[in-house]
Each structure stands twice: as structure tokens, then as C-alpha cells.
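The values are calculated or read from the model by the stated rules, or taken from the named source; none is laboratory data. All of these numbers come straight from a predicted model, not from anything done at the bench. Don't worry about glycine lacking a Cβ; one is built from the backbone with ideal geometry, like all the others, and counts go over all protein chains shown. We work out accessible area using only protein heavy atoms, side chains counted, and drop any ligands, DNA or RNA first. Shrake-Rupley method; radii C 1.70, N 1.55, O 1.52, S 1.80 Å.
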Amino acid sequence: MTIADIDLVLSAPVNLRDLGGIPIEGGVLREGLAIRTDDLAYVTTEIASQLVAAGLTAIIDLRSPLEVSVTGRGPLADYPVAYHHLPLIADVGESMNRDAPELSHDAMGRMYLRMVEVAAPQLVTALNVIAHTPGTAAFHCAAGRDRTGVVAAMLLLALGAADDDIVADYALTGGNMVAIMQRTAPVMGAMWKALGFDADAAGATSSLLEGSMEVSMRTLLDTLRAQHGDALAPLRAAGLSDATVARLRERALAA
């Protein structure tokens, strides 16, 4: 499967937001530190230019190698922006087979826990990129919901945000899900087909449009603390240092 096999239309992200404004330890997270978003690989050239002009200096791509091989980096590859490929799920086909039997918000929360425990080194690297890039870091997966939500949660935990505020940020994606599914359908549908799934991406995830998304993030945060005490313990074991946390907090509060 290649990009030539997909009827891909470049478009603006539908789930992009700056994390600025969220209460953290010592104040409020400033705008311009970190942006979470759905897939940046097929933004328009106009959006790419706007992001760079606004201060984007690093992209953290959380997609699997297969996803990256399908759409590449897109128009942003033409700009002097650092690119970090840090897949939180190495094999989307294997993950789909494992998690598809129960596509519920609670099951998603348990999947997020596995991400934190298994992909802790990638998460530590992502936090270090955000801590040390001179401008704005943007991190994304396909929908900007699950893998992106895990990175946002780890960043906000490191910054001392309250669970309620972490959950509230995560849940904002709920209102964007229909638009997300429409935007990603050509790519995700072709990928599921290549992996041998009959259902398209929208059909496979439609159950996640029902009920409250908050359950997934509550499950992650509660289970992390129940199993590890400190919710950041898996990342600390993987190398997250006090110096990185201090750097993040310094940058997050800087004017």
C-alpha cells in the first residue's frame, strides 16, 4: 500500500488545540509550549506555513511505522522543523486484534495503561523534546485522541496538573470525533484493508462515539496510581529525570 492507493485530500486538522490555559503547579500553562493534534502528515501547505510562523519547532509523531509509511510527513517536511518519530504502538494490526474484542471506554483506558508501561522510553523522549525545543512542540497520532491523549496526560502530570483538568482536556476530543473519523477515513480505511480487516475505520470505532470519553482517562490515571503509587513511576523508571520535570515546569510558566 502506498500513498498512490489512497484518495487523500489535504485538509486542516480538526482536533488541534494548544494546551495553554490549563492550571498546573505554580500557575497556568502558557500558550506556545505544546500543541496536541490529529494527523499533521496531510495538512495543507497553508496550515503548515501558519504553524511554523506561529513558532512550531518540533513535531513528535506517535504513529506506527506502517502509518508513517503510508502518508509520510506531509508538507511540514519542507520546513526547518525537528521531526521525532516515537511510535507508541509498534504494530497497529496486532493492537487491533488484541483490543478490538472490547472497544469500550474502559478498555481504552486499560490500553492506555499498557502504552505507558510498554512505551515509557518513548514517552520520556517526548517530554524531553518538549522540555528542550526552543519553540512550540506539536505531538500527534492519527486522530489526536488515544496516543496523543496519553502524551498529553503524561505532560500534564509532570507539570502538576490535577486529574480533573487532565480528564477535561482529554474529553474535549469527544466533540470532534465525527469530524476526525471523516478526515481520517481514506487513510485508516485503506490501512485496515491492507491489514486484512473487512470493517472500515469508522465502523470499527463507532462504539467509541457513545457514552463519556472521561472513563478512559480516569481508568488510566486511577490504575496507574493503584499499581504504581506515583502515576509517573513507569516514566521515572525509564529515565524521566527531576531535571527534565523542572525544565518543563520552568518553560510552561515562562512569560
Would you mind getting me the FRET efficiency between S241 and T57? Use the beta-carbon distance for r and R0 = 25 Å, nearest 0.05. 0.70
Work out, step by step, the length gained on full extension between Q227 and E25: first 0.36 nm times the residue separation, then minus their alpha carbon distance; give nm to one decimal. 70.3 nm
What is the set of long-range amide H partners of T136 at a cut-off below 5 Å, with H atoms built 1.01 Å from backbone N? L56, T57, A58
Net charge contributed by nearby residues that have their C-beta within less than 11 Å of R17 (K/R +1, D/E -1): -3
When the dipole is taken about the Cα centre of the range 12-94, and only Lys, Arg (+1) and Asp, Glu (-1) are charged at their Cβ, what size is it in debye, to the nearest 20? 180
Multiply the residue separation of A77 and A162 by 0.36 nm, subtract the distance between their alpha-carbon atoms, and state the gained length in nm to one decimal. 27.1 nm
Once you charge only the Cβ atoms, +1 for Lys and Arg and -1 for Asp and Glu, what is the size of the charge dipole of the range 40-176 about its Cα centre, to the nearest 20 debye? 280
Rough spin-label spacing in nm, given labels placed 7 Å along Cα→Cβ, for L8 and E46: 2.0
Cα→Cβ-extended label distance, 7 Å offset, between L103 and H85, nm: 2.7
Counting only protein heavy atoms, what percent of the accessible surface of the range 1-60 is carbon or sulfur at a 1.4 Å probe? 55
